Structures are given as C-alpha cells and as structure tokens.
Amino acid sequence: MLSRFKIRTRIIVGFLVVLAITLGSLLPIMMFELNRLEQQSTQSRLNAAYTSVVSALDAKGRQAQALSASVANIPDVQQAMAAGDRERLAEMMVPVFAVMKGEYDVRQFQFHTPPATSFLRVHKPEKFGDDLSSFRETVVVTNTEKRPVFGLERGVAGLGIRGMVPVYEAGQHLGSVEFGLSFGQPFFDEFVEANPELDIALHIARDSGFETFASTLGASLLSDEEMRAAMSGASERRDAEIGDKPVAVYGRAVYDFSGNPIGVLELALDVSEDVALMNDARTEVIGVGIVA
C-alpha cells in the first residue's frame, strides 16, 4: 500500500513538474506575442497619423491651388498681366486679399512673370521685381513647365503651403499666380482638436540644430540625435510619458515641394488604453497559468 502511494506521488509530482515546465515555456511566449501585437497596432496607428497630417497638408495645398486657378481665369486679371499693368492688378486684388486674409487664412497672394520674378505681391504691393528663382522651385516649375503645382516651400515670408497655376491670355503664357495659406500653430491646434489622442510638433532643421516651428507638445520628446536620424530617412520610435500618461513617440521627416527634408514631424500618441489592456491581458494569462 505504501509502495503504491509512493508511486502515485511520484506520478503526480512528475506531472506537476511537466506542467510547470510547459507553462513556464508557454507563458513568456504568449506574453511576447501579446506585446508584439500591441507594438504592431501602435505602429500602424502612428503611421496612419503621419499620413493623416501629410494628407491635411496636401488638402491645404490643393485649396491654395484652387484659389490660384480661380484668379488666373478672370479675364480682367489676364488682361492686366498681358499689359504689364501692376497698378490695375493691385487695384483689383488688394481688396480681395484683405477679405481672404481675414476669412480664409490666406497669407500670401502673388503674381510672377517667367521664370520667377515677383510681378506683384498682393500682400505687400510695395515690394516687387525681385528674382525668386534661387529658392522658389514652385514658381520656376510652374512657369517653365506651365503646369499647376502645390506643396510646402520656404519663401521670403517663411515656410508656407503654396499653390500656383500658370496665367494665360489668348493662349499666350504670361506668368503665374500664387496663394499661400496659413501654416503654423493654428493648423496644429486644429489637427489635434480633431484627433485628441495625438500631440504633434514640427521641428525645422537649421545649421545650429532644430527649431520648433509649431507644437502642441510643449517640450520635444525626441533628442537632436533622433531627429537627425529621422532627417536621413529613418523613422524614430520610442516610448515616453507626458505627466503620468504613457505615449508612443514617433519622428519622421517632412518634405518640401522639391522632395528635400525640411524638418521632423513629431507625433505623441496616447497609449493609456493599450497599456491598460496589456496589463489586463498579462494578469489574465498569469491567472490562467496559476489555475492550471
């Protein structure tokens, strides 16, 4: 009887050892897979957020281009450009700009003659005649290739979202007209208001480092080294906290019309719910292991 009891004990102990080894092997694998899936989900959301910001910029660029097209097709505008009548053009457009600036966030409104000479800055009529070809690729492309363009670009007034189209009169190419829309803190505030799980910032590359162009973050969560890596084409991702809120931080380059990186878009995604779900899943998995 005692012998049979010892055999049964040995079988039970052996079974428990095998079960412990099995669970000890499976639980870490399950936790690793859960963590991997959570990381993949977070990365997908960050990629989607980056794409959403770029799409919003493109939408503003198309809006600027549409405004330019509406002005370029006004017969009186075409005739004034053909006659080189700057005063007549200013007389027509300066009042229009005043309305558009106040109601539609238009910041630049300009006419050019080929290939890239400022004919009339409607937003600053007293300044004209300067050659923009060394830094305004959008103007050069519009007037040399005679096609509409839009995109981010630095100008005399700084970085802006610009859209422009060629101007014709009786089939003759005369130059181009450009609208530049507001691109600053209001754009970032509006985006975050529509996407409350996000905070965003744009850091512009300078010779001395990076300068924050606009931000809803406060202090950047990316180091200069990480931003330099992002400028080279890599995407930077790490975890951080804002106060007691866990966030996934993502840095990726933003490009101008010419395809050159102008800075780094920083995204901070609130992952509080993801962390809570992960903790619950971890507790449940460990609980199942204990019960088993």
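The values are calculated or read from the model by the stated rules, or taken from the named source; none is laboratory data. Note that the structure is a prediction, hence the values are computed from the model and not measured. FYI the Cβ positions are ideal-geometry reconstructions off the backbone, even for glycines, and counts take in every protein chain you see. Just the protein is used for accessible areas: all its heavy atoms, side chains included, with ligands, DNA and RNA removed. Shrake-Rupley method; radii C 1.70, N 1.55, O 1.52, S 1.80 Å.
The table for this structure:
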item	result
Check on Ile286, under 16 Å from the mean Cα position of the chain (by Cα) and either among the β-branched types (Val, Ile, Thr) or at pLDDT below 90 (or both)	no
Residue under evaluation Lys146, criteria (1) at negative phi; (2) open to solvent by 70 Å² or more (accessible area, probe 1.4 Å), criterion not met	(1)
Candidates Ala230, Ala214, filtered to the one that is under 20 Å from Asn195 (Cα atoms) and at pLDDT 90 or above	Ala214
Condition check for Phe111: more than 18 Å from Ala80 (Cα to Cα), part of a strand (DSSP E or B) and either open to solvent by less than 10 Å² (accessible area, probe 1.4 Å) or not aliphatic (A, V, I, L, M) (or both)	no
Filter result for the condition that a residue is part of a helix (DSSP H, G or I), at pLDDT 95 or above, open to solvent by 50 Å² or more (accessible area, probe 1.4 Å) and not basic (Lys, Arg), over Asp58, Asp76	Asp76
Check on Ala49, buried (at least 19 other Cβ atoms within 10 Å of the Cβ), of a type in the set (Gly, Ala, Ser) and farther than 30 Å from Lys146 by Cβ	yes
Qualifying positions in the range 156-165 - open to solvent by 20 Å² or more (accessible area, probe 1.4 Å) and in a strand (DSSP E or B)	Gly158, Leu159
Subset of the range 171-209 [surrounded by fewer than 18 Cβ atoms within 10 Å (Cβ to Cβ), within 13 Å of Leu159 (Cβ to Cβ) and at pLDDT 90 or above]	Ile204
The listed residue being at pLDDT below 85 and of a type outside the set (Asp, Glu), out of Val271, Val247	Val271
Output for the range 79-115, where each listed residue is within 27 Å of the chain's Cα centre (by Cα), among the aliphatic types (A, V, I, L, M) and modelled with pLDDT of 95 or more	none
Check on Ser68, under 14 Å from Glu178 (Cα atoms), open to solvent by less than 30 Å² (accessible area, probe 1.4 Å) and not in a helix (DSSP H, G or I)	no
